[in-house]
Amino acid sequence: MAAGGLAGLLPAQTQLEYALLDADTLQEKENLVYQYLKKMDSQERDLTVPELGGDLQWLNTEGPISLHKDLCGKVVVLDFFTYCCINCLHLLPDLHALEHQYSDKDGLIVVGVHSAKFPNEKVLDNIKSAVLRYNVAHPVVNDADATLWHELEVSCWPTLVILGPRGNMLFSLVGEGHREKLFLFTSVTLKFYKERGQIKDNNIGIKLYRDSLAPSPLLFPGKVTVDDSGERLVIADTGHHRILVTRKNGQILHIIGGPNSGRRDGRFSEAAFNSPQGIAIKNNVIYVADTENHLIRKIDLELEMVTTVAGIGIQGVDKEGGAKGEEQAISSPWDVVFGNSISGTQEDDVLWIAMAGTHQVWALMLEGGKLPKGSDLKKGVCLRFAGSGNEENRNNAYPHKAGFAQPSGLSLAAEEPWNCLFVVDSESSTVRTISLKDGAVKHLVGGERDPLNLFAFGDVDGVGINAKLQHPLGVTWDKKRKLLYVADSYNHKIKVVDPKMKSCATLAGTGEAGNVIGSSFTQSTFNEPGGLCVEENGRLMYVADTNNHQIKVLDLETKILSTALPILNPEVFDVPDNLPAQKDKVTNLPKLPKSAPNVQLPSLTVAPGQKIQFLLKLTLPPDSKLNEEAPSSWFITAEDNTWLLQEQCPSGEIKDVSCQTTIPFELPRSCLSAEATLAIKVCLYYCSKGSSACMMKGISFSQPLQVADTNQGSLAPVELIHTF
């Protein structure tokens, strides 16, 4: 490769960029690019990209791809990205549109080169989740050590590099917002090399990761919130592009939008969202940060209608605002929370918005009022409250001079002495406060003192700047305990922050990505949790465990992560509360083979509200292993006694049979029968190590229950043992 990496393109491309500024018509621009390509193609030596190492991991392909063999004869767009970066996400619609216009048959291939910022982003499973979450449908290579990044001397995310059919570098585009140039450069390059007979129309072996996944009730839920009564949850089912309103037992009350992305107001059945994140509920009104539509939406549960209250549906670049909401362009809102203006007469007359796309915190005036250090504002106005728009970790007494770096979570502590917004600032890995008296932005925990250093991350419990987080996305205030909880997403933990002492400590999670439930906080595991909330009485915390596709329930008094919230279709318990359902209509559970044995267990005497722990101990035949591609699972049924299953976790994955699986069960406090039978069923998919033969096997354990009025004391765990 000619020395200098991307710098070798700079002299010629800079001349082209200046010439394009003076060109008026598309024809003139295309002619300039065509002449530029003639010049670049006639050079003695190509500026070539080095081959990607054969040991790198690939996604969305049938196997590793060689730039100089498999992609010879193709125009290749290399997208250097990291999945945490909002600017990289802003580029994806441009790449989707380009791929829609030109396919590999036309000679175009887009290749994502994932070059991680955070250590957590180097892990292939986490990149897989991001590829699915953001609907990336082109090949992606995990360049975990940033080898190609350094070879080409790439300096920032995102960077696009356009290659000719010999792997010859032709153009680079740094940052977002270059859609017109991307299409111009690509279209003329395809035309130029087709005329020279150098474009091949062969197919590249694409195998989308998303096609191998089983359906799940939730897909990458980003945020969760609970209403003041504690009886209703609102879930941003981000990957399904919808909002769910459920009872606290997981029974669905409303499905709004989904399963496909779109942008439509109207009735619940016709409304459409695009990767919604933050949600805030008051009475029967929900506000939604409709992130990839760049909108704030309002859901009226009584009228069953969705309307748009801020944004115009395309990404905005305005960093001041001040227009009426539906006329004001905004950029990737990530969270919302209610608050009060300093002069308003009504409670919750402001909607605070974490505007990740412009690195700011904005306000939508739900009523007329005044913000700290601001003038009187009319109802409906949407404007910047804090943040200059520069991506920084800068604190300042003047909110407009402060700097944030992709703020992704908000929580309000309205009471004295706090009277502030808590902000999790994901790219600076900090928690910050914004005073609601004077707008001053201050540091709480994480990061470091240099406002330009956005690489001060880690996993360290400590005080103030000595504490370290890694790309936190969620935050919630516990009014009862006067504590703050943080979804420390890339550390796979929930942290607790005491704002008085500025201390930050691990509350739950081991730091390893996983999905362990039914255990103490310190043994439980998460996978990039994105949001969390605490009910008003301070008992239960709900966590959007994003990459596990679950809402986890944590009991803050017993310190037990008791369950993953089951998401139950409305018809499952379509009966009045506290009355027995007529039929268990859960249809999405696996069906056991007819040969599956049924093991009768001794009867248990139990009391209403009592907890039972089942310990599943399974042994596979010699030289067998679980099939990682198929979803082995356990599930609980109760024919004729479906009241037993309310507020339960009815199923779970089995990923490893070498250790026992704990299945927690709690009897309802209101029991409708003195006798009942639970069935704990197991469906396993396993393969012989020495052959390609795979088997599906099942086992059912029947547990009779005798319900007594008085507490029987603690029960020994019930062992469910079987050898296949």
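The values are calculated or read from the model by the stated rules, or taken from the named source; none is laboratory data. Computed from a predicted model, the values in this text were never measured in an experiment. Glycine also receives a Cβ, built like all others from the backbone with ideal geometry; neighbour counts cover every protein chain displayed. Ligands, DNA and RNA are excluded from the accessible area calculation, which covers all protein heavy atoms including side chains. Shrake-Rupley method; radii C 1.70, N 1.55, O 1.52, S 1.80 Å.
Where does the range 200-304 land on Rg(C-alpha)/(2.2 N^0.38 Å)? Write out the running numbers ahead of the final one.
On the way: Rg = 15.9 Å, N = 105, 2.2 N^0.38 = 12.9 Å.
For the range 200-304, the normalised Cα radius of gyration is 1.23.
How big is the charge dipole of the chain about its Cα centre, in debye rounded to the nearest 20, if each Lys and Arg gets +1 on its Cβ and each Asp and Glu gets -1 on its Cβ? Before the final figure, lay out the partial values.
Details: 68 positive and 86 negative charges, 91 e Å.
Computed about the Cα centre, the dipole is about 440 debye.
Quick one: work out the % antiparallel among DSSP beta bridges in the range 598-723, nearest 5. Intermediate results must be reported in sequence, preceding the final value.
Values: 30 of 42 bridges.
Within the range 598-723, antiparallel bridges account for around 70 percent of the total.
How large is ³J(HN,Hα) for each residue in the range 151-165, as worked out from phi by the Karplus curve 6.51 cos²θ - 1.76 cosθ + 1.60 (θ = phi - 60°), to whole Hz, x for Gly and Pro?
3J(HN,Hα) across the range 151-165, in whole Hz: 4, 8, 6, 5, 10, 7, 9, x, 9, 9, 10, 9, 10, x, x.
Could you grab the relative contact order for the chain? Cα pairs under 8 Å, six or more apart, rounded to a whole percent. All intermediate terms of the calculation are to be shown ahead of the outcome.
Numbers: 1895 pairs, mean separation 53.2, N = 724.
Value for the chain: 7 percent.
With every protein chain in place, what's the accessible area of E292 (1.4 Å probe, Å², nearest 10)?
80 Å²
Could you go through the range 35-43 in sequence order and give the Karplus-derived ³J(HN,Hα) for each residue, using 6.51 cos²θ - 1.76 cosθ + 1.60 with θ = phi - 60°, rounded to whole Hz, and x for Gly and Pro?
5, 4, 5, 4, 5, 5, 6, 8, 5
Along the charge dipole of the chain, which of G446, S700, L91 sits closest to the positive end, that is, farthest toward it, with unit charges on the beta carbon of Lys, Arg, Asp and Glu (+1, +1, -1, -1)?
S700
From largest accessible area down, sort R394, R263, R384; use a 1.4 Å probe on the protein chains. Mind dumping the intermediate values first?
Details: R394 80, R263 135, R384 20 Å².
Ranking R394, R263, R384 by accessible area, largest first, yields R263, R394, R384.
Based on the Cβ-Cβ distance of A596 and D623, what FRET efficiency does E = 1/(1 + (r/R0)^6) give at R0 = 22 Å, to the nearest 0.05?
Values: r = 22 Å, r/R0 = 1.01.
For R0 = 22 Å, the calculated efficiency reads 0.50.
Can you tell me the FRET efficiency between C659 and V460 if r is taken as the Cβ-Cβ distance and R0 is 41 Å, rounded to the nearest 0.05? Present the calculation step by step, with values, prior to reporting the outcome.
On the way: r = 29 Å, r/R0 = 0.71.
The value I calculate is 0.90.
For N135 and L10, compute 0.36 nm times the residue count separating them, minus their Cα-Cα distance, and round to one decimal in nm. If you can, show how the numbers build up before the last one.
Values: separation 125, 0.36 × 125 = 45.00 nm, distance 3.25 nm.
This chain segment gains 41.8 nm when fully extended.
How do 91-100, 196-205 rank on mean C-beta neighbours within 10 Å, highest first? Don't jump to the answer; show the numbers that get you there.
Details: 91-100: 16.6, 196-205: 12.9.
Packing proxy ranking, top to bottom: 91-100, 196-205.
With a 1.4 Å probe and all protein chains left in place, how much accessible area per residue does the chain have, in Å²? All intermediate terms of the calculation are to be shown ahead of the outcome.
On the way: 30070 Å² over 724 residues.
The answer is 42 Å² per residue.
Of all chymotrypsin sites (Phe, Trp or Tyr not before Pro) in the range 406-497, which ones are in loop regions per DSSP and have a Cβ with at most 14 other Cβ atoms within 10 Å? Could you put the intermediate results ahead of the total?
On the way: sites: W418, F422, F455, F457, W477, Y485, Y490; in loops: W418, F455, F457.
In loop regions of the range 406-497 (DSSP not H, G, I, E or B), the sparsely surrounded chymotrypsin sites (Phe, Trp or Tyr not before Pro) are F455.
Excluding ligands and nucleic acids, what accessible area in Å² is computed for C420 using a 1.4 Å probe, to the nearest 10?
Roughly 10 Å² of C420 is accessible to a 1.4 Å probe.
Pull up all non-local amide H partners of A323: gap of 5 or more, or a different chain, and H-to-H distance under 5 Å with H placed in the peptide plane.
Result for A323 returns C382.
Round to the nearest 10 and give me the degree value, 0 to 90, for the angle of helix 179-195's Cα axis relative to the longest principal axis of the chain.
That works out to roughly 60 degrees.
If each residue of separation counts as 0.36 nm, what is the full-extension length gain between A505 and E180 once their alpha-carbon separation is subtracted? Please list the in-between numbers first.
Details: separation 325, 0.36 × 325 = 117.00 nm, distance 4.72 nm.
Computed gain between A505 and E180 is 112.3 nm.
Go ahead and estimate [θ] at 222 nm for the chain from helices alone: -39,500 (n - 2.57) per DSSP H run with n ≥ 4, summed, over the residue count, rounded to 500. Provide the component values of the computation, followed by the final result.
Numbers: 6 runs with 77 residues, N = 724.
Result for the chain: -3500 deg cm²/dmol, rounded to the nearest 500.
Rounded to a whole number, what % of the accessible area of the range 41-103 do carbon and sulfur atoms account for, probe 1.4 Å?
It is 48 percent, rounded to a whole number.
What shape does the range 598-723 have by the C-alpha gyration tensor, where a ≥ b ≥ c are the square roots of the eigenvalues, rounded means a/c under 1.5, and otherwise prolate means a/b greater than b/c and oblate the rest?
Working: a/c = 2.69, a/b = 2.36, b/c = 1.14.
Prolate, because a/c is 1.5 or more and a/b exceeds b/c.
Return the percentage of antiparallel bridges among DSSP beta bridges fully within the chain, rounded to the nearest 5 %.
Details: 152 of 177 bridges.
Close to 85 percent.
In percent, how large is the relative contact order of the range 6-211, given Cα pairs closer than 8 Å and 6 or more residues apart? List each step's numbers first, then the result.
Working: 319 pairs, mean separation 64.5, N = 206.
This gives 31 percent for the range 6-211.
Using the crude model of +1 on Lys and Arg Cβ and -1 on Asp and Glu Cβ, and no other charge, please compute the dipole size for the range 598-723 relative to its Cα centre, in debye to 20. Let's see the in-between values first.
Details: 8 positive and 12 negative charges, 59 e Å.
I would put it at about 280 debye.
Around L92, what is the net charge, scoring Lys/Arg as +1 and Asp/Glu as -1 over all other residues with Cβ under 14 Å from its Cβ? Spell out each step's value before the answer.
Working: positive: R133, R179; negative: D79, D94, E99, E176, E292.
Residues near L92 contribute -3 overall.
So for Y102, Y193, Y18, what's the accessible-area order with a 1.4 Å probe, most first? Don't skip to the end; give the middle numbers.
Numbers: Y102 45, Y193 0, Y18 150 Å².
Of Y102, Y193, Y18, the descending order of accessible area is Y18, Y102, Y193.
Mind ranking E391, E326 by accessible surface for me, highest first, 1.4 Å probe?
Details: E391 65, E326 90 Å².
These residues rank, largest area first, as E326, E391.
Can you tell me the length gained on complete extension of the stretch K559 to H96, counting 0.36 nm per residue apart and subtracting the Cα distance?
Contour length minus the Cα-Cα distance gives 162.2 nm.
Could you please state, rounded to a whole Å, how far the C-alpha centre of the range 211-253 is from the C-alpha centre of the range 1-61?
Centre-to-centre distance over Cα atoms comes out at 46 Å.
If r is the Cβ-Cβ distance from E536 to D55 and R0 is 45 Å, what FRET efficiency results, to the nearest 0.05? Kindly include the intermediate steps, with their values, before the conclusion.
Numbers: r = 53 Å, r/R0 = 1.17.
E(calc), rounded to 0.05, equals 0.30.
Shape of the chain from its Cα gyration tensor (a ≥ b ≥ c, root eigenvalues): rounded if a/c is under 1.5, otherwise prolate when a/b > b/c, or oblate?
Details: a/c = 2.03, a/b = 1.33, b/c = 1.53.
Oblate, because a/c is 1.5 or more while a/b does not exceed b/c.
Taking θ = phi - 60°, what integer Hz values does the Karplus form 6.51 cos²θ - 1.76 cosθ + 1.60 yield along the range 258-272, in sequence order, with x for Gly and Pro?
Along the range 258-272, the couplings run x, x, 9, 6, x, 9, 8, 8, x, 5, 3, 6, 10, 5, 9 Hz.
Rounded to the nearest 10 Å², what accessible area does I255 have for a 1.4 Å probe in the complete protein model?
70 Å²
Using modelled amide H (1.01 Å from N, peptide plane; none on Pro or chain starts), what sits under 5 Å from the amide H of G262, excluding residues fewer than 5 places away?
F273, N274
For a quick check: with amide H placed at 1.01 Å from N, whose amide H comes under 5 Å from V599's, ignoring anything fewer than 5 positions away on the same chain?
Under 5 Å from the amide H of V599 lie the amide H atoms of S700, F701, S702, each far enough along the sequence or on another chain.
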